[in-house]
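Engineer: One structure, as structure tokens, below. Some questions next.
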Amino acid sequence: MRTMAIVGSGPAGFYTAEAALKAFGEDVRIDIIDRLPTPYGLIRAGVAPDHQSIKAVSRRYDQVAADERVRFLGNVRVGEDVGVGELTAFYDDVVLAVGAPQDRPLGIPGDDLPGVLGSAAFVGWYNGHPDFKDLEPPLDTQAVVVVGNGNVAIDCARILAKTVDELQASDIVNHALEPLSRSEVRQVHVLGRRGPHQASFTLKEVGELGELERATPLVRIGDFPPETEDAALETGQRRVVEVLRRFAARGPDASRPVTLSLDFFRRPVAVLGHGQVEALEVMKTRVDENGRAVDTGETEIIPCGMIVAAIGYRTASIPGVPFDEQAGRFVNEAGLIAPGLWCVGWARRGPSGTIGTNRPDGFALVERIAKETLAGDKPGRAALIALLAERQVPVSDFDDWRNIDALEVARARAGAPREKIVELSELRALFEG
Ligand SMILES: Cc1cc2nc3c(=O)[nH]c(=O)nc-3n(C[C@H](O)[C@H](O)[C@H](O)COP(=O)(O)OP(=O)(O)OC[C@H]3O[C@@H](n4cnc5c(N)ncnc54)[C@H](O)[C@@H]3O)c2cc1C
């Protein structure tokens, strides 16, 4: 019997489990371990609360969890409650699917001032991740700068720009909705080093900016190259640029109190302020013939009381696992870290791609494990459960999650799908003892 421990219950973890069930048939037992008592990783804590249809992918993961060969072991922190070396002693295959939960810092003077937040923290706050429930973003400011030109930056900007009515039917947690209802933010800047042709937005996310109740998207007409150059773009990007051109043509709308301006060709150089963020100094850029942003030498000051850095993520290192500090992920060769130890998803390739990208990733890894390794006679789950009991670590299972889920659904405000439980102590009380 092959024993497999998958650490992390986000998309990469679940797709790897799905692949292993298919590859190894009756001859496998899989434990999906997560540090939280709740499953799904960034599907629950990253994907925007007003994008419920995307979150519905978790139903597919529920089918995997319901398989009798699979067990969910929640509330177990690998690297703290149990070591990776202990897991590799207990299981034939250990797969780290722990994602990339840490914010990349801006790395500029002043980036440690209060009011500078990472997007993992800001998104985690409005999505009810227990780690960020106490964040208190300074929303008593007129202007916010979101640094980054990907969908995460757009998510952050959209949540700041929406009305409470627009968020009511989402699963944004009440501890975020309430301060957002009192928010004084009227200008949201989304800062990109390069131009509209290089932005990493997808069509749906950009399109939504044109449909906001009280906010107008602003794009400078001068930021576009001649329209004839759009033809060389790949179809998806060309459609995004078409929408951005429409925003630029439309211009400001005095009937809408909030502006959401896409500030292309600007990179942050210093956060300014005494004791808290007061402004961001930016360097204007242009794109050279190799597609790289180069400084023009001209700077600009954007007054703001809050900055959200949405410029990428790093995996959290785990004792005993070789880590590439530069790349911010585990040292691995196509998923192989060391004999019996593998990684997959964002923990393997860094924070890129969509939820679906993690599926071929998981399937390819399992194909490799099947080809290169043999099932051993390691004890698997029984040994881990015994160790965790000895260490008095309470472990939750998928039925505990179903109870949490039902409670969250029952607590939802009118029209919302759920009200997440954000206190770890409250979550633990639901399955401990
Ligand atoms: C803000 C945001 C919005 C996004 N929106 C979309 C979207 O709309 N559409 C889309 O296609 N993609 C979206 N993505 C991308 C998508 O979420 C990722 O591709 C995907 O979640 C990566 O999967 P993963 O399993 O590698 O990591 P994760 O989803 O991060 O899962 C990692 C899991 O590992 C657990 N874990 C971490 N460390 C430990 C440890 N030491 N011990 C035990 N468990 C641990 C975590 O609790 C977590 O459950 C978004 C990403 C972000 C950040």
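Computed from the coordinates by the stated procedures, all read-outs in this text should not be read as laboratory data. Bear in mind the structure is a predicted one, so any value in this text is a computation, not a measurement. In this analysis, Cβ positions are derived from the backbone assuming ideal geometry, glycine residues included, and neighbour counts consider all displayed protein chains.
Engineer: Output ³J(HN,Hα) for the range 28-40: one whole-Hz value per residue in order, computed from phi by the Karplus curve 6.51 cos²θ - 1.76 cosθ + 1.60 with θ = phi - 60°, and x for Gly and Pro.
Structural biologist: 8, 10, 10, 10, 9, 9, 9, 6, 9, x, 10, x, 5
Engineer: I need the Kirkwood Rh of the range 102-309: take the reciprocal of the average 1/r across all distinct C-alpha pairs and report it in angstrom.
Structural biologist: Working: mean 1/r = 0.0572 Å⁻¹.
For the range 102-309, inverting the mean 1/r across all distinct Cα pairs yields 17.5 Å.
Engineer: Moving to a separate point now. Please identify, among 165, 31, 112, the residue showing maximal mean-square fluctuation in a Gaussian network model of the chain using a 10 angstrom Cα cutoff.
Structural biologist: Of 165, 31, 112, the most mobile in the Gaussian network model is 165.
Engineer: Okay, moving on. Using Cα atoms only, what is the angle between the long axis of helix 381-390 and the major principal axis of the chain, expressed in degrees (0 to 90) to the nearest 10?
Structural biologist: Between helix and principal axis, roughly 80 degrees.
Engineer: Per residue, what volume in Å³ does the convex hull of the Cα atoms of the range 253-369 enclose?
Structural biologist: Working: hull volume 23.4 nm³, N = 117.
Hull volume normalised by residue count: 200 Å³.
Engineer: Report the FRET efficiency, 1/(1 + (r/R0)^6), for residue 131 and residue 325, where r is their Cβ-Cβ distance and R0 is 30 Å, rounded to 0.05.
Structural biologist: Numbers: r = 22 Å, r/R0 = 0.73.
With R0 = 30 Å, the Cβ-Cβ based efficiency is 0.85.
Engineer: Oh, and also: With springs only between Cα atoms under 10 Å, which of 42, 280, 135 fluctuates most in a Gaussian network model of the chain?
Structural biologist: Answer for the Gaussian network model of the chain: 135.
Engineer: Sticking with this structure for a sec: Each residue of the range 335-343 in order: what ³J(HN,Hα) in whole Hz does its phi give by Karplus 6.51 cos²θ - 1.76 cosθ + 1.60, θ = phi - 60°, with x for Gly and Pro?
Structural biologist: x, 8, 9, 7, x, x, 10, 10, 9
Engineer: With each pseudo-label sitting 7 Å past Cα toward Cβ, what's the residue 364-residue 391 distance in nm, one decimal?
Structural biologist: Placing both labels 7 Å along Cα→Cβ, they lie 3.2 nm apart.
Engineer: Among the DSSP beta bridges whose two residues both lie in the range 102-309, what percent are antiparallel, rounded to the nearest 5?
Structural biologist: Working: 14 of 37 bridges.
Beta bridges within the range 102-309, antiparallel portion: roughly 40 percent.
Engineer: What 222 nm value per residue comes from the helices of the chain, counting each DSSP H run with n ≥ 4 as -39,500 (n - 2.57) and dividing by all residues, nearest 500 deg cm²/dmol? Intermediate values should be presented prior to the final figure.
Structural biologist: Values: 16 runs with 140 residues, N = 433.
About -9000 deg cm²/dmol.
Engineer: Further question: Suppose each label sits 7 Å from its Cα in the direction of the beta carbon; what would the residue 239-residue 381 distance come out to in nanometres?
Structural biologist: Going by the 7 Å Cα→Cβ label model, 4.3 nm.
Engineer: Can I ask one more? Where in the chain lies the longest segment free of GluC sites (Glu not before Pro) that are both loop residues by DSSP (not H, G, I, E, B) and have at most 12 other Cβ atoms within 10 Å?
Structural biologist: On the way: sites that count: 26, 68, 80, 184, 211, 213, 234, 289, 325, 423.
It works out to 81-183.
Engineer: Considering amide H positions built from the backbone, and no H for Pro or chain starts, which residues 5 or more places from residue 324, or on another chain, come under 5 Å of its amide H?
Structural biologist: For residue 324, the qualifying residues are 329, 330, 331.
Engineer: Would you please give the residues with an amide H less than 5 Å from that of residue 99, counting only those at least 5 places away or on a separate chain, with H modeled from the backbone geometry?
Structural biologist: 346, 347
Engineer: Could I ask something else about it? Report the extension gain between residue 229 and residue 89 in nm, rounded to one decimal, defined as 0.36 nm multiplied by the number of residues separating them, less their alpha carbon distance. Let's see the in-between values first.
Structural biologist: Values: separation 140, 0.36 × 140 = 50.40 nm, distance 5.74 nm.
Roughly 44.7 nm would be gained on extension.
Engineer: With viscosity set to 1.002 mPa s at 20 °C, what whole-number translational diffusion coefficient in µm²/s follows for the chain from Stokes-Einstein and a Kirkwood radius over Cα pairs? Before the final figure, lay out the partial values.
Structural biologist: Working: Rh = 23.0 Å.
Once the numbers are plugged in, D ends up at 93 µm²/s.
Engineer: Out of residues 5 or more away from residue 73 or on other chains, whose amide H comes under 5 Å of its own, with H placed 1.01 Å from N in the peptide plane?
Structural biologist: Close amide H contacts, sequence-distant or interchain: 32, 33, 34.
Engineer: Further, regarding this structure: Among 132, 431, what is the fewest-to-most ranking by other Cβ atoms within 10 Å? Write down the numbers at each step before the final one.
Structural biologist: Values: 132 21, 431 18.
Arranged by neighbour count, lowest to highest, 132, 431 become 431, 132.
Engineer: Taking only the Cα atoms of the range 67-113, how large is their convex hull per residue, in Å³? Spell out each step's value before the answer.
Structural biologist: Numbers: hull volume 6.8 nm³, N = 47.
Taking only Cα atoms, the range 67-113 has a hull volume of 145 Å³ per residue.
Engineer: Just to check I understand the Karplus step: with θ = phi - 60° and J = 6.51 cos²θ - 1.76 cosθ + 1.60, what whole-Hz values come out for the range 225-241, glycine and proline as x?
Structural biologist: With the stated coefficients, the range 225-241 comes to x, x, 4, 4, 6, 5, 4, 7, 6, 5, 3, x, 5, 5, 5, 4, 5 Hz.
Engineer: Which order results if 283, 306 are arranged by neighbouring Cβ count within 10 Å, fewest first?
Structural biologist: 283, 306
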